Amino acid sequence: MKIAVLNGSPKGNYSITLQSSLYLAKLYKEDTFEVMNVGSKIKSLEKDITPLKTLLERSDMVLFSYPVYTFIAPYQMHRTIELIKESGVDLHGKYAAQITTSKHFYDMTAHEYIKENALDMGMKYIGGLSADMEDLLTEKGQKELKSFWEYTQFQCGEREMGKPSKAYDIVIVTNSHNDPALDQIIEEFRSVCPAPTRIVNIADFPFIGGCLGCFHCAGDGECIYKDHFGDFLREHVLNADAIVYAYTLKDHSMGASFKQYDDRQFCNGHRMMSIGMPVAYLVNGNLQGEYNLQTIMYARSEVGQNMLCGILDNHCPETFSAELQQLADRLIFSLNHHTLLPQNFYGVGGTKIFRDLIYLMRGLMVADHKFYKKHGIYDDFPQKHWGKMWKMKLIGFLANNKKIRAKMGNKMNEGMIAPYKKLIERL
């Protein structure tokens with residue numbers, strides 16, 4: 001593929017975000033990455049957009065690359081998109097993706113902004129990677145970046161899905177009760193899914209009642225109800241390789257029976273019991289305009305550290321079958337390749353809130369506390385990173401001294417990207 005990397009950072013070649021694309025260019029030589037520093041050259045593009053139009057016209061994909069500034073993309077990226085739209089360049093049918101770096105503060109709104117504008121221009125939006133500023137320097141961050149790009153290649157038809165590498169256990173969790181339309185969606189998904197599936201219908205489970213918020217389960221995970229839902233959940237759902245939720249849209253939600261199912265999962269407290277599992281949603285109904293429900297589905301996946309392979313409703317029968325096949329294939333690809341991307345604001349913010357809560361309530365939430373200790377979630381406390389704090393003190397001293405700052409010139413930017421350059425040069 002020919003990829004046009006639009007670097008929206010005003011720092012140009014000194015952009016930390018840009019280093020991720022340069023890293024990919026070194027690894028995936030079957031793709032051609034051509035970078036244009038639209039952020040640092042925005043004034044010249046306002047005078048003559050011809051070079052950008054030419055780049056876009058010869059590319060198969062536009063990869064938007066930028067740091068997140070105050071809830072959204074920087075001004076320079078906004079202006080670039082305005083110029084592209086005003087130029088009349090035809091981008092219909094071209095792929096669009098994005099890579100951002102930030103501290104995950106409202107990165108999802110920045111991604112949604114790019115997605116909406118890509119769709120405005122008739123592009124096929126693939127998805128995006130939201131990385132922490134230092135992720136590329138870590139083994140985990142490098143793995144996530146490669147995972148993102150291979151998943152992107154697959155969605156563009158440039159990488160094979162591969163046959164299921166084992167007999168996957170894909171569970172379809174539904175609340176269908178005399179619901180022919182929902183049952184039809186489920187059966188159609190089962191017919192196109194390349195791996196075996198099984199159904200868990202929570203409408204058949206003998207719930208005694210909804211969660212009472214009594215904290216009876218806080219110590220050992222045992223619910224006060226004796227309907228053994230916790231055992232059922234762990235044996236029939238959480239032991240699967242992937243979960244597909246199927247429901248009929250009702251009262252702007254998944255319905256009361258699904259809410260009872262969700263609430264009763266508090267027997268697992270604030271423990272992310274399905275970390276790494278791919279998930280998907282099949283919806284009988286029209287999700288257009290159901291922004292709150294869509295947010296809930298996205299956020300659930302992010303907080304649970306799941307790979308969200310798609311949310312699909314049946315409001316458009318003409319395209320439903322093809323989109324259903326694509327969703328099933330993405331699910332299998334994610335299982336085959338262990339695809340998992342970094343959490344965005346929903347996941348990072350939610351995890352930190354729970355982390356602080358459980359640490360304060362560890363005397364009561366014993367099971368959660370043990371889980372958080374085991375999985376290193378407390379290691380993220382900022383007061384534990386003494387080395388980084390002292391480094392920032394030194395940088396702050398240098399940056400706040402006018403005489404030193406004047407002598408430094410561009411040395412600070414060079415110093416910031418130096419470790420990234422070394423990493424890429426070693427490839």
Note to self: Could you give each residue of segment 148-156 its phi-based ³J(HN,Hα) in whole Hz, using Karplus coefficients 6.51, -1.76, 1.60 with θ = phi - 60°, and x for Gly or Pro?
What the structure shows: 4, 6, 5, 5, 5, 4, 4, 5, 8
Checklist line | Within segment 368-389, backbone nitrogen closer than 18 Å to the virtual label 7 Å beyond the Cα of GLU222 toward Cβ | finding: 368
Notebook entry, point to check: With Cβ to Cβ distances under 15 Å as the rule, what net charge do the other residues near ILE170 carry (K, R +1; D, E -1)?
Noted result: 0
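LEU212 to GLU82: FRET efficiency via 1/(1 + (r/R0)^6), r the Cβ-Cβ distance, R0 35 Å, to the nearest 0.05? Let's see the in-between values first.
On the way: r = 54 Å, r/R0 = 1.53.
Efficiency, from the Cβ-Cβ distance: 0.05.
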Item checked: Share, in percent, of DSSP beta bridges within segment 1-130 that are antiparallel, nearest 5 -> 5
Next item on the list: With a cut-off of at most 16 other beta carbons within 10 Å, and DSSP calling the residue loop, which chymotrypsin sites (Phe, Trp or Tyr not before Pro) in segment 141-221 qualify? Please list them.
Entry: PHE207, PHE215
Check: In whole Å, how far is the Cα centre of segment 156-221 from that of segment 290-357?
Finding: 14
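Please report the carbon-and-sulfur percent of the accessible area for segment 2-54; probe 1.4 Å, protein heavy atoms only, DNA, RNA and ligands left out.
Numbers: 1230 of 2330 Å².
The computed percentage sits at 53.
If you roll a 1.4 Å probe over segment 135-258 with all protein chains in place, what percent of the accessible area is carbon or sulfur? Walk me through the intermediate numbers first.
Numbers: 3210 of 6300 Å².
With neighbouring chains kept in place, the figure for segment 135-258 is 51 percent.
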Next item on the list: Arrange the residues PHE333, PHE71, PHE354 by how much accessible surface each exposes, largest first, with a 1.4 angstrom probe.
Entry: PHE71, PHE354, PHE333
Item checked: Residue-level accessible surface for CYS211, protein heavy atoms, 1.4 Å, Å² -> 60
Item checked: Helix 411-425 vs. the chain, principal-axis angle (Cα, 0 to 90°, nearest 10) -> 60
Note to self: On C-alpha positions alone, give me the angle between the axis of helix 345-360 and the longest principal axis of the chain, in degrees, nearest 10.
What the structure shows: 60
Next item on the list: Kindly work out what percent of the DSSP beta bridges joining two residues of segment 59-170 are antiparallel, to the nearest 5.
Entry: 5
Next item on the list: Mind pulling up the Rg/Rh value for segment 168-289? Radius of gyration and Kirkwood radius, both on Cα.
Entry: 0.97
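Compute the FRET efficiency between HIS177 and THR54 as 1/(1 + (r/R0)^6), taking r as their Cβ-Cβ distance and R0 = 60 Å, and round to the nearest 0.05. Before the final figure, lay out the partial values.
Values: r = 58 Å, r/R0 = 0.96.
Result of the calculation: an efficiency of 0.55.
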Next item on the list: Identify which of the listed values of volume of the Cα convex hull per residue in Å³ was calculated from the structure shown: (i) 161; (ii) 143; (iii) 210.
Entry: (i)
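Quick check on packing: order 287-295, 302-310 by the mean number of other C-beta atoms within 10 Å, highest mean leading. If you can, show how the numbers build up before the last one.
Values: 287-295: 13.0, 302-310: 20.7.
Highest-to-lowest ranking by the protection proxy: 302-310, 287-295.
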Next item on the list: Can you tell me the FRET efficiency between LYS166 and GLU323 if r is taken as the Cβ-Cβ distance and R0 is 22 Å, rounded to the nearest 0.05?
Entry: 0.25
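Given a 1.4 angstrom probe, I'd like the percentage of the accessible area of segment 278-405 that is carbon and sulfur, rounded to a whole number. Let's see the in-between values first.
Values: 4260 of 7080 Å².
Taking all protein chains in place, segment 278-405 shows 60 percent carbon and sulfur surface.
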Check: Any idea of the accessible area per residue across segment 190-302, 1.4 Å probe, to the nearest Å²?
Finding: 46
Item checked: Alpha-carbon Rg with Dmax, taken over segment 252-321, Å -> 13.3, 42
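How much length, in nm to one decimal, is gained on full extension between ASP204 and LYS388, taken as 0.36 nm per residue of separation minus their Cα-Cα distance?
On the way: separation 184, 0.36 × 184 = 66.24 nm, distance 5.31 nm.
Gain on extension, ASP204 to LYS388, equals 60.9 nm.
What does the extension gain come out to for ASP379 and THR70, with contour length at 0.36 nm per residue minus their alpha carbon separation? Don't jump to the answer; show the numbers that get you there.
On the way: separation 309, 0.36 × 309 = 111.24 nm, distance 2.70 nm.
Contour length minus the Cα-Cα distance gives 108.5 nm.
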Notebook entry, point to check: Which value in deg cm²/dmol, rounded to the nearest 500, describes the helix-derived mean residue ellipticity at 222 nm for the chain, given -39,500 (n - 2.57) per DSSP H run of n ≥ 4 and division by the residue count?
Noted result: -14500 deg cm²/dmol
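If you stretched the chain out fully between GLU414 and LEU427, how much longer would it get, using 0.36 nm times the residue separation minus the C-alpha to C-alpha distance? The partial results should precede the final answer.
Details: separation 13, 0.36 × 13 = 4.68 nm, distance 1.99 nm.
Separation in residues times 0.36 nm, less the Cα-Cα distance, equals 2.7 nm.
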Note to self: Give me, ordered by chain and number, the residues 5 or more places off ALA96 or on other chains with an amide H under 5 Å from its own placed amide H.
What the structure shows: VAL62, LYS124, TYR125, ILE126
Notebook entry, point to check: Just the accessible area for TYR113, please: 1.4 Å probe, Å², rounded to the nearest 10?
Noted result: 30
Notebook entry, point to check: What fraction of the DSSP beta bridges in the chain is antiparallel, stated in percent and rounded to the nearest 5?
Noted result: 5
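The values are calculated or read from the model by the stated rules, or taken from the named source; none is laboratory data. Note that this is a predicted model, so its numbers are computed, not measured. Here Cβ is always computed from backbone atoms with ideal geometry, including for glycine, and neighbour counts include all displayed protein chains. Just the protein is used for accessible areas: all its heavy atoms, side chains included, with ligands, DNA and RNA removed. Shrake-Rupley method; radii C 1.70, N 1.55, O 1.52, S 1.80 Å.
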